[in-house]
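Each remark here refers to the structure printed beneath this line.
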Amino acid sequence: MFASLSIPNYRIFFVGTLAANLGQWMARTAQSWLVLVILTHGNASALGWVTAINFLPILLLTPWAGALADRFPKRRIMVIAQIVLGIDAALLSILVLTGHVQLWMVFLFAGLDGIASSFYSPAMQSFVSEIVPLSQLSNAISLNSASFNGARLLGPGLGGLLIAAVGVGWVMAINVCCFIIFIASLVMLRSEQLHPAPPARGKAGVRDGVRYVRGRPDLMLLLGIGFMMGTFGFNFNISDAVMATQAFGKGSGEYGLLGSVMGIGAIIAALGAARRVPRLRYIELALVVYTVSMAAATFAPGYASFAVLMAPIGWGAVSTTIIANSMVQTSVSPQMRGRVMSFWALMVMGGTPLVSPIVGWLGDAVSPRATMAFGAVFLGLTFIVVTWVVMRNDVIRVHFDPSKKAPWLRIVRGQVTLDYDRHVR
């Protein structure tokens, strides 16, 4: 489960990303509270627009950022992007602490952060393969997600408590310190122990990456799954906020707790993925768990039952994303990894600018519960479509025969019958 931590460079990188992720989750909680409660007094649409503005540059710039990552040192790109993000965080915290912050300023910094993140994401995604050997890449990706979701476990709850104790501005100031730690960890990596991919030949154009992906139906299916989960499944910064404050009438501590409970399921998913070889069947299972849990959360009668359901929701969402990410990274050539991972980042985050305002509008115009039902419907449809594609292309038929002893679920591919739990990939 923790094999990649035996590599010194990866240990340094892991500690730095853990600090950065913890600060990021606290800052996200603080920013959502700043917009929803302090600046707008309950306007979910405004929170949706902040999210949209943050992710819009990803939609526009990420493919070219991926091509850049295939041509230039990825660590250098990451350091520059993190410096920009740290400066933005410092300026916003100062504005909040001095009482001069206005909503348009939050919009501005959200856009600047989105520009920096659009360059950081594909470089970071493909940089992991330069720290660990290919045989441990899937494990390292899963541990990165464990770091991210471990921070999700602690960050929102800690952020909510700190908001109540010292205020939004100081929470954002702590995030600046976390940026400094991460930048220092990137600088400390030993260059002689890295395994940089050979620079792409020629111009490393975006069109070459598009042609490569179009020739790989397996990648297109995985990118499609990433798009649906990223666009329709990860709107928790809006749905959790409106459910906690408007559906259940809770405060900042209870809102932060929702993210922490979700983090429990997410970190279990990440550590479980670190132990397994990634398979499409695990994605299918995760989609089912996510859809059923989101549907149940939509009709949760109270805050306690809603909070408990955050754990399986987190497990389903993160399992889907990690496994698909691992399958993409381990199946592409090193010279194309930056561009392919930029497409992955684009799929996972690029649809958010289009959907976040809709989710916010649903919270205002329909009900807070509609923000949860939104994700359940679209990811349920994703499961149906993925199942149909796989069964159609692999000539697979599923037979249920409860009268027989286990395993009573059988998969038939062509003329060969296989046990589902033993052989089917």
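Residue check: is PHE14 out of contact with any Leu (no Cβ under 7 Å at 6 or more places or on another chain), open to solvent by 20 Å² or more (accessible area, probe 1.4 Å) and either assigned to a helix (DSSP H, G or I) or under 29 Å from ALA184 (Cβ atoms) (or both)?
Judged against the criteria, PHE14 is not a match.
Of the residues PHE236, PHE248, which single one is modelled with pLDDT under 85 and either of a type in the set (D, E, K, R) or open to solvent by less than 40 Å² (accessible area, probe 1.4 Å) (or both)?
PHE236
Kindly evaluate GLY363 against the criterion of being of a type outside the set (D, E, K, R), closer than 25 Å to SER32 by Cα, open to solvent by less than 30 Å² (accessible area, probe 1.4 Å) and at pLDDT below 80.
no
Hey, any hits in the stretch 55-72 for a residue that's among the basic types (Lys, Arg), farther than 23 Å from VAL96 by Cβ and free of Cβ contacts under 8 Å to residues at least 60 places away in the same chain?
No, because not a single residue in the stretch 55-72 is among the basic types (Lys, Arg), farther than 23 Å from VAL96 by Cβ and free of Cβ contacts under 8 Å to residues at least 60 places away in the same chain.
Being of a type in the set (Gly, Ala, Ser) and without any contact (Cβ under 8 Å) to a residue 12 or more places away in the chain is the filter; apply it to the stretch 130-166 and report the residue that is farthest from ALA30 (Cα to Cα).
Selected residue: SER135.
Within the stretch 316-327, identify whether any single residue is open to solvent by 10 Å² or more (accessible area, probe 1.4 Å), closer than 28 Å to GLY256 by Cα and not hydrophobic (A, V, I, L, M, F, W, C), and answer yes or no.
Checking the stretch 316-327: at least one residue is open to solvent by 10 Å² or more (accessible area, probe 1.4 Å), closer than 28 Å to GLY256 by Cα and not hydrophobic (A, V, I, L, M, F, W, C).
Restricting attention to the stretch 104-131, report how many residues are open to solvent by 40 Å² or more (accessible area, probe 1.4 Å) and of a type in the set (Val, Ile, Thr).
1
Test each condition in (1) of a type in the set (Phe, Trp, Tyr); (2) surrounded by fewer than 24 Cβ atoms within 10 Å (Cβ to Cβ); (3) touching a Leu at 6+ places or on another chain (Cβ under 7 Å) for TRP344 and report the one that comes out false.
TRP344 satisfies all of (1) of a type in the set (Phe, Trp, Tyr); (2) surrounded by fewer than 24 Cβ atoms within 10 Å (Cβ to Cβ); (3) touching a Leu at 6+ places or on another chain (Cβ under 7 Å) except (2).
The values are calculated or read from the model by the stated rules, or taken from the named source; none is laboratory data. Note that the structure is predicted; figures quoted are calculated from it, not measured. Virtual Cβ from ideal backbone geometry, glycine too; neighbours counted across all protein chains shown. SASA here: full protein model, heavy atoms, side chains in, ligands and nucleic acids out. Shrake-Rupley method; radii C 1.70, N 1.55, O 1.52, S 1.80 Å.
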